[in-house]
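**Q** Quick one: structure below, then a few questions.
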Amino acid sequence: MGAGHHHQLYLPGLSPVHRLPPQCKLLAVLAFAIVVVATPREAFWAFGGYALLLIGIAFLAGVPLAHVVRRMVIEVPFVLFAVLIPVIGSGERISVLGVSLSVPGLWAGWNILIKGSLGVVASILLAATTEPRTILLGAQRLRLPSLLVQIAMFMLRYMDVIVEEMRRMRIARESRGFEARSVRQIPVIARSAGALFIRSYERGERVHLAMLSRGYSGQMPIIQDMSASMKQWGTALALPVVALAVLGITAW
């Protein structure tokens, strides 16, 4: 099943990071996240080292830092939560700029903020250097349940189709003078949602029948070679290994 077009998170390139097999990058990011989560919150130098590692990978992959910063907006709710913890936390308190803050809350907020940010940046770099469909194929190579991978593939493939269908339905409503300004329009929106569900279900049935007629037997064909050499595994796993080394150095 072709991707059809590049996802907005993916930045095409020919860097060494782009060329690594997806299963290697997936395992490397997972191992890196485990090292970050296991790092004591007091290890400031270790977190600084992790950040430098990710900046180096972004430079090697040719991913602009501006791209990473824009995509980090996704963690804004967690940032707000981390900021609120010192305000509403209990225990020993200190005054910062005239505001009484909880010391345990400050530590908890810092812990959430730094570890969450490092994990988000690592995920953004993974998405920027690996096409979504390829990521799913890599997950399949790592022995994730095939059915879940296929469901995710179809969701990825047809999400834009459903969104476009929603857009056409909205235009059709507005061309007939419909404006959703009050709760009285909720029944119209509900009927539109029901119609969209039926159309999506029927499309799924047609796609499934088309696949069966073409020999589908429960497994999606993999055309490209997804194997990884020992060198590629070593290159990818260098990220968590170096992160672990940084943790050991700072702890010593």
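The values are calculated or read from the model by the stated rules, or taken from the named source; none is laboratory data. Just so it is clear, the model here is predicted, and its values are computed rather than measured. Virtual Cβ from ideal backbone geometry, glycine too; neighbours counted across all protein chains shown. The area values use the complete protein model at the heavy-atom level, side chains included, leaving out ligands, DNA and RNA. Shrake-Rupley method; radii C 1.70, N 1.55, O 1.52, S 1.80 Å.
**Q** Going 7 Å from the Cα of Ala51 in the Cα-to-Cβ direction, what parts of the range 66-87 have a backbone nitrogen less than 14 Å from that spot?
**A** Correct set: 69.
**Q** Please identify the DSSP H helices in the chain that span no less than 27 Å along the helix axis (Cα) and have a mean Kyte-Doolittle hydropathy of 1.0 or more. Mind showing how you got there, number by number?
**A** Details: long enough: 103-129 (39 Å, 1.39); 146-175 (44 Å, 0.35); 186-213 (41 Å, 0.39); 230-251 (30 Å, 1.41).
Helices meeting the span and hydropathy rule in the chain are 103-129, 230-251.
**Q** Now for a separate question. Kindly rank 45-55, 79-89, 65-75 from highest to lowest mean number of other beta carbons found within 10 Å of each residue.
**A** 45-55, 79-89, 65-75
**Q** For Leu97 and Ser123, what does the FRET efficiency come to when R0 = 25 Å and r is the distance between their Cβ atoms, rounded to the nearest 0.05?
**A** 0.15
**Q** Between Ser227 and Arg168, what length in nm is gained on full extension when 0.36 nm per residue of separation is reduced by their alpha carbon distance?
**A** Length gained between Ser227 and Arg168: 17.1 nm.
**Q** So what is the 222 nm mean residue ellipticity for the chain from helices alone, if each DSSP H run of at least 4 adds -39500 (n - 2.57) and you divide by all residues, rounding to the nearest 500 deg cm²/dmol?
**A** Mean residue ellipticity, 222 nm, calculated: -23500 deg cm²/dmol.
**Q** Rolling a 1.4 angstrom probe over the protein heavy atoms, how many square angstrom per residue are accessible across the chain?
**A** I get 63 Å² per residue for the chain.
**Q** Still on this structure, please answer the following. Can you tell me what percent of all Cα-Cα pairs in the chain are more than 25 Å apart?
**A** Tail of the P(r) past 25 Å holds 60 percent of the pairs.
**Q** Ok, one more. Pairs of alpha-carbon atoms within less than 8 angstrom and 6+ residues apart define the contacts here; what relative contact order does the range 9-136 have, in percent?
**A** Value for the range 9-136: 39 percent.
**Q** Further question: To one decimal place, what orientation-averaged projected area in nm² is obtained for the convex hull of the Cα set of the range 129-246?
**A** In nm², the orientation-averaged hull projection of the range 129-246 is 12.7.
**Q** What is the percent carbon and sulfur in the accessible area of the chain, measuring with a 1.4 Å probe over the protein chains and ignoring ligands?
**A** 70
**Q** Please compute the modelled spin-label separation between His208 and Ala193, points set 7 Å along Cα→Cβ, answer in nm with one decimal.
**A** Going from the Ala193 label point to the His208 one covers 2.4 nm.
**Q** Which three lengths, in whole Å and largest first, does the range 177-248 cover when its Cα atoms are put on their principal axes?
**A** For the range 177-248, the Cα spread along each principal axis is 62, 43, 19 Å.
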